[in-house]
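Trainee: Dropping the structure in here first, questions after.
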Amino acid sequence: MSVELNVVETETVECRINVFPLWRRTAEVRRAATTLAVIADTDDADDFRHALARQYFAELADFGLSEDEQDELVGAFFHQVELELEVMFLEASETVG
């Protein structure tokens, strides 16, 4: 999101404010990864991802973010979920092997 701030009467400064850093929400990332790890059916996993994405898109739209900004933040969130899944599966394989 871009915001214009009047610093001096004749000068404006543009800055970027990340109002909803989804990828930094550790508890939500872990909860999503844990849920996906136990879903056996691919269609069910896709349904879960889509429902979660719709929820986040709606929240970000309420903040007034553009679709591009929403895509970026939701994509970053799901990237973190995938990284968390990799860690979970690696840890599980180390305890088995």
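Trainee: Look through region 77-97, keep the residues that are of a type in the set (A, V, I, L, M) and loosely packed, with under 15 Cβ neighbours inside 10 Å, and return whichever of them is farthest from Arg49 (Cα to Cα). Write out each step before concluding.
Mentor: Initially, region 77-97 is screened for residues of a type in the set (A, V, I, L, M), giving 81, 83, 85, 87-88, 90, 92, 96.
Of the ones still in play, those that are also loosely packed, with under 15 Cβ neighbours inside 10 Å are 83, 87, 90, 92, 96.
Working: Leu83: 15, Val87: 19, Leu90: 22, Ala92: 23, Val96: 28 Å.
Per the stated criteria, the residue is Val96.
Trainee: Exactly one condition in (1) hydrophobic (A, V, I, L, M, F, W, C); (2) assigned to a helix (DSSP H, G or I); (3) in contact (Cβ under 8 Å) with a residue 12 or more places away in the chain is not met by Val87; state its number.
Mentor: Of (1) hydrophobic (A, V, I, L, M, F, W, C); (2) assigned to a helix (DSSP H, G or I); (3) in contact (Cβ under 8 Å) with a residue 12 or more places away in the chain, only one is false for Val87: (3).
Trainee: Related question: Residues being outside any helix (DSSP H, G or I) and without any contact (Cβ under 8 Å) to a residue 12 or more places away in the chain: count how many of those fall in region 30-65. Talk me through it step by step, then tell me what you get.
Mentor: Step one: of region 30-65, the residues outside any helix (DSSP H, G or I) are 39-41, 63-65.
Adding the requirement that they be without any contact (Cβ under 8 Å) to a residue 12 or more places away in the chain leaves 39-41.
Residues that pass the stated criteria total 3.
Trainee: If you don't mind, there's one more thing I want to ask. From the list Ala58, Ala40, pick out the single residue that is under 15 Å from Leu85 (Cβ atoms) and exposed (fewer than 14 other Cβ atoms within 10 Å of the Cβ).
Mentor: Values: Ala58 fails: under 15 Å from Leu85 (Cβ atoms).
On inspection, the qualifying residue turns out to be Ala40.
Trainee: Residues of region 66-80 being within 8 Å of the chain's Cα centre (by Cα) and in contact (Cβ under 8 Å) with a residue 12 or more places away in the chain, which ones?
Mentor: Step one: of region 66-80, the residues within 8 Å of the chain's Cα centre (by Cα) are 73-80.
If the condition is that a residue be within 8 Å of the chain's Cα centre (by Cα) and in contact (Cβ under 8 Å) with a residue 12 or more places away in the chain, then Leu73, Val74, Ala76, Phe77, Phe78, His79, Gln80 are the ones that fit.
Read-outs: derived from the displayed coordinates by stated rules, not from any lab. All values derive from a computational prediction rather than experimental measurement. Positions of Cβ are backbone-derived with ideal geometry, glycine not excepted, and every protein chain shown enters the neighbour counts.
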